[in-house]
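Enquirer: Below: one structure in structure tokens.
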Amino acid sequence: MKFIIDNWYLILLALVAGSMLLMPLVKGGMGGTLSPAGAVQLINREKAVVIDVCEPEEFALGHVNGAKNIPLGQLEERLPSVVKNKALPLVLVCAKGPRAVRAEGMAKKLGYDKAQALAGGLKAWREANLPVEKG
């Protein structure tokens with residue numbers, strides 16, 4: 001007990017450092033860094049292209065208005081033909097976020113430097129009461 005009282009600041013420092021190390025893991029669970037509001041701004045102001053990386057069956061159940069469907073497994077081969085201008089921002093979306101994060105890395109590797117994954121995916125988009133198309 002004396003050790004804890006004498007070294008409380010070291011224990012506090014260890015707890016703070018540990019929580020800072022765990023923070024990216026907690027944030028990474030949602031996937032992406034772009035908020036739904038940020039995505040809307042990119043779409044409206046910079047003519048961002050929305051790419052949904054879900055499978056066609058998931059895409060048919062609901063997707064962001066105007067989104068183009070390129071399943072994650074086909075992204076590297078199809079993205080250059082769907083979005084020819086690499087200077088345009090890309091908003092990558094999936095159901096919950098993790099696939100979009102992988103797609104962001106793939107898109108950046110292809111030269112789309114303004115690619116961003118939507119944090120929380122379509123689920124976060126719906127929770128923000130933004131429009132969703134079906135079919």
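Quick grid of which residues meet (1) farther than 18 Å from HIS63 by Cβ; (2) small (Gly, Ala, Ser):
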{"residue": "GLU76", "(1), (2)": "yes, no"}
{"residue": "ALA87", "(1), (2)": "yes, yes"}
{"residue": "ALA103", "(1), (2)": "no, yes"}
{"residue": "LEU110", "(1), (2)": "yes, no"}
{"residue": "LYS114", "(1), (2)": "yes, no"}
{"residue": "GLY121", "(1), (2)": "no, yes"}
{"residue": "LEU130", "(1), (2)": "no, no"}
{"residue": "GLU133", "(1), (2)": "no, no"}
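Enquirer: For ALA39, indicate whether it is of a type in the set (A, V, I, L, M), part of a helix (DSSP H, G or I) and in contact with a Phe, Trp or Tyr (Cβ under 9 Å, 6 or more places away or on another chain). Before you say what the answer is, go through the steps one by one.
Expert: Details: of a type in the set (A, V, I, L, M): yes; part of a helix (DSSP H, G or I): yes; in contact with a Phe, Trp or Tyr (Cβ under 9 Å, 6 or more places away or on another chain): yes.
When the stated conditions are applied, ALA39 passes them.
The numbers here are math on the coordinates, done by the rules we state, and not lab data. In this text the structure is predicted, and so the values were computed from the model without any measurement. Cβ: placed from backbone, ideal geometry, glycine included. Neighbour counts: every protein chain shown.
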